[in-house]
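Structure record follows, encoded as structure tokens.
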Amino acid sequence: MMARSPLARGFAAFAIAAAIGGCAYLTEKQGELIFRPTKDTWWGYQNANLRYEERWISVGANGDRLHAFWAPAEDPAAPVLLYLHGARWNLTGSVTRIERWRKLGFHVLAIDYRGFGKSTEISPSEQLAYEDAQAAWDHLAKTQPARPRFIVGHSLGGAIAAELAVRRPDASGLVLEATFTSIRDMVEHTAWRLLPVGLILTQEFDTLSKLSKLRLPLLIVHGTRDAIVPYEMGERLYAAAPGPKRFIKVEGGSHHNLSAVANDQYRAALRDFFGLAPRVLEVSVPR
């Protein structure tokens, strides 16, 4: 039986509460149950001794701000990527993956969506997250205009990254790690599919429908032992994209350790698919 992911469990609670409390619950709480934002600092970040530059990015018309990490590569002429993390943990919970991308030879800008970490405290939502990603991309375009710029999204961040890539086809490439096809499909892969979630769902995060509109190179990475997002979702996303595209099947890979387990495949894809010359991956932070 498929494991019940934290995301699906959150939607189960949401469906029950919505049925009891009525539609007023929808707008206020649905985003919180998808994102499950936290402001706590992950213990691994404290122990990793990483010293990233903090940046602040303005977003929206109300003076909201995004908290960001800027992790520069050793090569000043390196390409740049925008890293979009998944649900639950804030930036501090993604530093292992951020650091692996940096050591692959990228300058990395990683953001916390509004509602996470030090970013403006507000109930997160699908549309707000899309705005946040676009604001971060515009920041990169302004501050790093003369170098290749890539978009990388992990899990829920992959759904946000796909939307950004459709909106901003000036990106040099898109990488989706352990990304789902849609929130609706995530619920359908659990025992909670018997609840009327589809009737109350307003935030779809429909990654699958976006990929047919993609007009830039796409790399999809998924682990065969992903206990949160089923591996077959990665295959469905790949099938939906028009290309150019590449798929990395990570044998034994989990939801969280793809760039550590498949470092050789990552380097090969960056070299052969994206035409980059990445440095040898040096994993010096926990998986």
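Quick notes on this structure:
- If the condition is being at pLDDT 95 or above and within 14 Å of the chain's Cα centre (by Cα), then the range 235-256 contributes only 255.
- Residue match in the range 83-94 (condition: hydrophobic (A, V, I, L, M, F, W, C) and free of Cβ contacts under 8 Å to residues at least 12 places away in the same chain): no
- Residue within the range 192-209 that is aliphatic (A, V, I, L, M), within 21 Å of residue 79 (Cβ to Cβ) and not in a loop (DSSP other than H, G, I, E, B) present: no
- All positions within the range 177-191 that are modelled with pLDDT of 95 or more and either polar (S, T, N, Q) or part of a strand (DSSP E or B) (or both): 177, 179, 181, 182
- Scanning the range 134-151 for residues that are without any contact (Cβ under 8 Å) to a residue 40 or more places away in the chain and assigned to a helix (DSSP H, G or I) gives 134, 138, 141, 142, 143.
- Residue count for the range 27-83 satisfying the condition of being under 30 Å from residue 274 (Cβ atoms) and basic (Lys, Arg): 2.
- Residue 185 vs. criteria without any contact (Cβ under 8 Å) to a residue 12 or more places away in the chain, acidic (Asp, Glu) and farther than 15 Å from residue 83 by Cβ: no
For every residue, the table says whether it meets (1) in a helix (DSSP H, G or I); (2) of a type in the set (A, V, I, L, M); (3) more than 16 Å from residue 104 (Cβ to Cβ).
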{"site": "235", "(1), (2), (3)": "yes, no, yes"}
{"site": "246", "(1), (2), (3)": "no, no, no"}
{"site": "255", "(1), (2), (3)": "no, no, yes"}
{"site": "260", "(1), (2), (3)": "yes, yes, no"}
{"site": "266", "(1), (2), (3)": "yes, no, no"}
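- Selection over the range 243-255 of residues that are in contact with a Lys or Arg (Cβ under 8 Å, 6 or more places away or on another chain) and either buried (at least 21 other Cβ atoms within 10 Å of the Cβ) or under 19 Å from residue 212 (Cα atoms) (or both) gives a count of 1.
- Within the set 109, 128, 174, 164, the sole residue that is surrounded by 21 or more Cβ atoms within 10 Å (Cβ to Cβ) and part of a helix (DSSP H, G or I) turns out to be 164.
- Top-ranked residue in the range 112-125 [being surrounded by 19 or more Cβ atoms within 10 Å (Cβ to Cβ) and not aromatic (Phe, Trp, Tyr); ranked as farthest from residue 271 (Cα to Cα)]: 120
- Residues of the range 12-57 that are assigned to a loop (DSSP other than H, G, I, E, B) and either at pLDDT 80 or above or surrounded by 10 or more Cβ atoms within 10 Å (Cβ to Cβ) (or both): 36, 37, 38, 39, 40, 41, 42, 50, 52.
The values are calculated or read from the model by the stated rules, or taken from the named source; none is laboratory data. What you see is a predicted model; the values in this text were computed from it and never measured. When we count neighbours, we look across all protein chains shown, and the Cβ atoms used for this are built from the backbone with ideal geometry, even at glycine.
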